[in-house]
Each structure stands twice: as structure tokens, then as C-alpha cells.
Amino acid sequence: MGLRGAWANPPLKPTRRRSIPNLSLSKLSLRKTLRLQDNHKRLALTKSVAVIGTTTWGTTLGIILARNAVSVCLVARTDSEAEELDSKRRNMRFLPDVPFPSGLRISSDLKGSISSAALVILAVPSHQLRQNIRWISSSLTSGTIVVSAAKGLELPGGERMSQVLEQELDSEFHSGICALSGPNLAHEIIQGKISSTVIAGRDPEKTAEAQSILMTSSFRVYTSDDIVGVELAGTLKNIIALGAGIGDGMDAGDNAKSSFITRGLAEITRLGVAAGANPMTFAGLAGLGDVIATCSSKLSRNRYVGEQLALGRTWPDIEKSMDNVAEGVNATKAAVGLAAKLNVEMPIAQTTHRVLFEGLSIQEAVAELMGRPPRSER
């Protein structure tokens, strides 16, 4: 028999039995997952939430929670503001096209709104967080989880929002202090578009409880124990967004923008690690995820500010024309101060600071950054 004939009729080999998936186990696993999800939802429905801040973000959080059948109250500062919001059933200043769900309550009765709340969210600009926590602190009850939804650092000391809360609240509330941060463009979330976020805190049980209350079918919430990293990543990424916007305004191109974003991410990670954060947090939703959204979206306030700077406008002029706060400006001031304190090199933040506050032109800023001495990427 020739070689060809031998290979045409190879000896038979014993067949191996293919394993058949255990469908009953798969069904049990699915049932268990669905049961856990159902338990989380039932837990959320038994808890009430108070949102401090009738801002775009505060109103958005109130609306999506109410849509999810969570008992939620949007707390207004004055009786007149509460009456206007409740009579029109929408936030005419920030979200005029979005009606309030029937379950969203509006009130200026601070004690009545907060005393029974399991979760209180402060969705106010970072420079107003301290005065707001002072306003509500006496109305909080023991065991309440207090969540900062602000992405900023307080001037002049550069305190993170959770540090401000710790300074203003009695120690019994400290374990329930959390921070919420991620790629969360409010105008997309209010439309029901899918988004993810991170809730960070030091007490795993409190953090998990906050997660269960905030989670919806389109707003996925992850937990983290790195509150330092989540807060710093969410704040410092706004500095990168300013520069990304400048690049867009200059029509610098995609190569320049991606290079700038990457080096900016490396820079804010250095500062975060020096401040005690986990470097992996900066590769997660609060870091890279938020960087991508904030540096690319036309909904981003900080990217808009950078774009306008590149078009020749000054920061004071831009600020006057904005109804919302661009946190990246104050974050730049705070970051430069924190970097000096921790001896961290931050050329992008330092150059951005000079553009915003010291009259450095965009062209000079680009030349300085590109003219820095050669070095290793690390």
C-alpha cells in the first residue's frame, strides 16, 4: 500500500465523550443571581433618599431614583424654590425638557426631608459643600449614609470632599461617608442611556447599601474601598479635560489629543499615589472611564472651557457665560498646591494654572510642554 493509501485510511482512534453542560446548575446559578438582584431592589425600595442640591446632577439623581420607585426627596434651599419646582414639576433652569416623575417629592422642610432618610446625597459644587453639610448636619440621624457627588477639592487647603464631611460631621457618621464618581454625563443619564459609576467608602456594608439604593437598570454602580483614589481621580481628570478642550479648539488633531490625555492620566495618577490612592483606581471608571467621557464629549463643561480658551477668551469671560460650574478650574489651583506639598511633578497642571491665572498664552504653553527635556515614559 502506498503512502497515499495509508493516509487515506488512518487507524480509528477511540472517541472521547464530550462533556455536556450541567444545565440544572446553570439554571440554579441564574435563579440565585436573579434572587439576589430582586433582594437588592426590595432593599432599595424600603429606603428613602434625600438629595441636597437642585443642580443638574442633583436633579438627575433624584429623577432616576424616583423612576426606579425609590422614595426620594429633592431638597430646595428656599420655600419659593421648592414651590416653583413642585408647581412646574421640572427644573426649568437646568433640565427644562425633563418632567419630574410623580414619585419625586420636592421640599424645603429640611428636618422632615432628611431625618428619615437612609441615604443623603450632596450634589452641590465643591466650593459649596462645606456650607451645605453645616446646613443639614443637625438634621441627620444616626446611621445615615452621606454621599458626596461633587468632583472637586476645597480651596485653599485642597481637602477632598470626604475630608470636608469628616471635619463637619460627628464621628458617628464617619463610617457612612461615601463618594460617588464615574463617567456620568447628566444629560445622557437623564435620557436613560447606559452608564456606570463607582461608590467608594471605608465601611463595606455601608458602601454596599448605598450601591443597592443607587443601582438601576441603566445606571450600574460598582463599589470601591479606595475613597482617596475615587475622589482624586474624579477631580483631577477635569484638569486633563481643560487641556483636551484646548487641543480641540486649536484643531491639534487626534494624535496630539491622545498623547495629551495619556500623559495627563500618568500625571494625576502620580499625585494620587503620593496622596495614598491605589494606582489601579485611575485605570477604572473614576479615572480612565471619566477621562474618556469628559475629554471627548461636547456635554463636558471642562472640555468646553478649554476649547473657549483656545479660541482666545479668558477664564473670567467664560465663567460669566456659564450657568454650571466647571470644577477643573479650582481643581487646577488645588492640584498645584497639593503637588508642591507632596513633591510631585505635574507639568500639565502647572502649565494649565499659568494659562488660567497668569496670562500664559496657549501657544507658549504648548511650546513649553513640547520643549521639556527628553525622558523615559515612566
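The values are calculated or read from the model by the stated rules, or taken from the named source; none is laboratory data. Please read all numbers here as calculations on a predicted model, not as lab measurements. Here the Cβ positions follow ideal geometry from the backbone for every residue, glycine too, while neighbour counts run over all protein chains shown.
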### Summary
Filtering region 300-332 down to residues that are buried (at least 16 other Cβ atoms within 10 Å of the Cβ), farther than 18 Å from Ala149 by Cα and among the small types (Gly, Ala, Ser) yields Gly306, Ala310
### Query
For the subset of region 192-217 comprising residues that are acidic (Asp, Glu) and not in a loop (DSSP other than H, G, I, E, B), which member is surrounded by the most Cβ atoms within 10 Å (Cβ to Cβ)?
Glu209
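Residues checked against (1) part of a helix (DSSP H, G or I); (2) in the same structural domain as Met250 (by TED's automatic domain parsing); (3) β-branched (Val, Ile, Thr):
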position: Val305; (1), (2), (3): yes, yes, yes
position: Gln308; (1), (2), (3): yes, yes, no
position: Pro316; (1), (2), (3): yes, yes, no
position: Lys333; (1), (2), (3): yes, yes, no
position: Gly337; (1), (2), (3): yes, yes, no
position: Val344; (1), (2), (3): no, yes, yes
position: Ala349; (1), (2), (3): yes, yes, no
position: Val355; (1), (2), (3): yes, yes, yes
position: Gln363; (1), (2), (3): yes, yes, no
### Query
If we scan region 366-374, do we find a residue that is surrounded by fewer than 16 Cβ atoms within 10 Å (Cβ to Cβ) and within 21 Å of Gly276 (Cα to Cα)?
no
### Task
Search region 116-132 for residues that are closer than 12 Å to Leu61 by Cβ and pair each with any residue that is of a type in the set (Ser, Thr, Tyr) and surrounded by fewer than 24 Cβ atoms within 10 Å (Cβ to Cβ) when their beta-carbon atoms are under 6 Å apart and the residues are at least 6 apart or on different chains.
Val120/Thr144; Ala123/Thr55
#### Entry: Selection from region 228-281 of residues that are more than 30 Å from Arg313 (Cβ to Cβ), in a loop (DSSP other than H, G, I, E, B) and of a type in the set (A, V, I, L, M)
Ala275, Ala277
### Task
Being within 30 Å of Gly158 (Cβ to Cβ) and surrounded by fewer than 20 Cβ atoms within 10 Å (Cβ to Cβ) is the filter here, so list the residues in region 94-128 that pass it.
Phe94, Leu110, Pro125, His127, Gln128
### Query
Can you find a residue in region 268-282 that is closer than 22 Å to Thr56 by Cα, modelled with pLDDT of 95 or more and in contact with a Ser or Thr (Cβ under 6 Å, 6 or more places away or on another chain)?
no
### Query
Taking region 289-299, which residues are surrounded by fewer than 22 Cβ atoms within 10 Å (Cβ to Cβ) and more than 11 Å from the chain's Cα centre (by Cα)?
Ile292, Ser296, Ser297, Lys298, Leu299
